[in-house]
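Just below is one structure, and these are the notes that go with it.
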Amino acid sequence: MLRLRLDEQPAPTGKKDVEMLLGWLLDTLGLVRRRNDADTSNASKRPLHRLMRDHLLKEPMKGMDAKTLANQLGISMTALHHHLKGLQAIRLISSKSGENGWMMHHLRCGSLSSAIEILHKEAEGILSLRLAPLEQWQTGTVGREGGDQIDEIPFKIVISEPSPLNNNEDEIDAFLNDFGLRGERPGQQSGDDLTRQIFEELLVANHAISLDEAVAKWGATRPRLTRTFDRFRAAGLVERVLRHDRLTVILWDAISTQYSRRGEKWLLGKGGLGRIDEKVSRKIIKSLQDGSFDSERCAELFSKTNEDELRLALNLLGGRLPYGYRLSGESGDDVARQVKVRVEGIFGRLKRVASTLDEIQNG
C-alpha cells in the first residue's frame with residue numbers, strides 16, 4: 001500500500017554532486033525521519049544513502065538479497081528491513097523471489113527517473129481520490145478580497161491509499177489521520193479531538209478564524225492551536241491571512257484605549273488621526289467626548305476612508321491586525337487544486353534530480 005511522505009526541502013545547490021542530490025531526494029521523500037539523522041552534511045554516511053548510491057543506483061536491475069545487502073552495508077537485518085520497507089512503501093524498489101529462497105530487491109523499472117515518474121502518476125491519482133470529498137464537506141465560503149495569503153511554510157503532506165476504517169472511525173477521521181494532520185502519533189481520539197473540531201469549523205466558516213476566536217471557542221492554548229493550524233497550512237489545505245474584516249473593530253479598540261490613556265491631543269498628533277480626513281477625525285473626537293464612540297460608530301465614520309490610511313493609523317496607534325486561518329480555496333475543488341499545485345512542484349524537482357543522478361551514474 002502506497003504511503004508517501006513529501007517533505008519540501010530547499011533546492012540542492014550542487015548540480016552534479018551525487019551525495020547532495022541523493023541526500024536531498026531521500027529527505028524530500030520523507031525517508032529520513034529521526035531529527036538527529038536529518039543533517040544532510042552527513043548524508044553519505046546513512047545506511048539508506050549508501051544502499052541507494054552503492055547498490056540500487058549503481059546496478060539498478062541486479063537483484064540483491066537482504067543477507068548480502070546487510071553484510072555489505074554493515075547493518076543488522078532489522079535495520080535493513082526498516083529501510084527496505086520504507087523504499088517499498090513509496091514504490092522505489094521492487095522485489096521477487098530468488099533461486100536461493102531470499103527475496104531479491106532492485107530499483108523499480110531499472111532507473112530512478114522511471115521509478116519517480118511512476119510514483120508521480122500513482123500519487124497523483126490517489127491524491128485526487130482522497131481530496132475529492134472536500135467538495136461535499138466544504139459548505140462555508142470565505143471571501144478572498146483584501147485577504148491575500150501573507151506567508152507560507154514548508155510543504156509537508158502524507159499521500160496514502162484508502163484503507164478500511166477502524167472502529168468508531170469515519171471518513172473525516174481517516175482523512176485527518178492519513179494526511180498526517182493529527183501529527184506523527186495521533187493515537188486514539190477522544191470527544192475533545194481538537195484537530196477534528198478545527199477542521200469541521202474551517203469547512204463551514206464564512207470568515208477566517210483568528211487565534212483569539214479559537215481560544216475562546218475551544219479553550220486550548222495558543223501554541224497548541226498554532227501547531228494544529230500549521231499542520232493544515234503545511235499540507236496546503238489552510239492559509240494564514242490578515243483579518244481585514246476586523247480592521248475597524250481593532251481601530252475602535254486602539255482609539256478608545258489611547259484616548260483614555262493619552263488624550264485628544266496625542267490622538268491628533270502622534271496617534272495618526274491628524275493624517276486622515278479632518279471631518280472624520282473631528283467626528284471621532286466628538287464621539288469620544290460624548291461617550292458614543294463604539295465599534296459600530298467607528299465603522300460608520302471610517303466607511304469612506306481608504307484602507308491604506310486606516311492601516312497606517314492603526315500602526316501609529318500601536319495596534320495591529322490579527323491573523324486568521326481559512327481554507328486555501330473558495331470551494332473544496334479549489335482547495336484540492338491548491339494542494340495538487342504544491343505536490344506538482346515537488347515532483348517536478350524530484351524528476352530533475354532523479355534524471356541528473358541517472359545521467360551521472362550512466363556517464
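Quick look at the numbers
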| quantity | calculated |
| --- | --- |
| Trypsin sites (Lys or Arg not before Pro) lying in DSSP loop within segment 227-323, provided at most 16 other Cβ fall within 10 Å | Lys270, Lys304, Arg320 |
| Amide proton proximity set for Met103, modelled H, under 5 Å, gap of 5+ | Ala66, Gly98 |
| Inter-label distance, nm, simple model (7 Å from Cα along the C-beta direction), Glu330/Thr78 | 5.6 nm |
| Simple Cβ-charge dipole of segment 246-316, Lys/Arg +1 and Asp/Glu -1, about Cα centre, in debye nearest 20 | 280 debye |
| Helix 247-268 vs. the chain, principal-axis angle (Cα, 0 to 90°, nearest 10) | 50 degrees |
| DSSP bridge pairs, the chain: antiparallel proportion in percent, nearest 5 | 100 percent |
| Å³ per residue enclosed by the Cα convex hull of the chain | 177 Å³ |
| The chain: angle of helix 112-131 to the longest principal axis, Cα-based, in degrees nearest 10 | 40 degrees |
| Over 27 Å between alpha carbons, listed pairs Lys16/Lys96; Lys67/Lys121; Lys217/Lys265; Lys85/Lys156; Lys45/Lys85 | Lys16/Lys96; Lys67/Lys121; Lys217/Lys265 |
| Part-to-part distance (alpha-carbon centres) for segment 249-288 and segment 293-355, which is given in Å | 27 Å |
| Relative contact order (%) - criterion: Cα under 8 Å, at least six apart; region: the chain | 22 percent |
| Charge context of Trp102, other residues only, Cβ under 11 angstrom, K/R +1, D/E -1 | 0 |
| Degrees between helix 77-89 axis and first principal axis of the chain (Cα, 0 to 90, nearest 10) | 60 degrees |
| Cα gyration tensor shape of segment 246-316, rounded if a/c is under 1.5, else prolate or oblate by comparing a/b with b/c | rounded |
| Paramagnetic reach from Glu201 in segment 295-330 [backbone N under 15 Å; point 7 Å along Cα→Cβ] | 323-327 |
| GNM flexibility winner over the chain from Gly30, Gly125, Gly291 (Cα, springs under 10 Å) | Gly291 |
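Every read-out reported here was derived from the displayed coordinates using simple, explicitly stated rules and does not represent laboratory data. Bear in mind the structure is a predicted one, so any value in this text is a computation, not a measurement. Cβ sites come from the backbone with ideal geometry, for glycine too, and all protein chains shown count toward neighbours.
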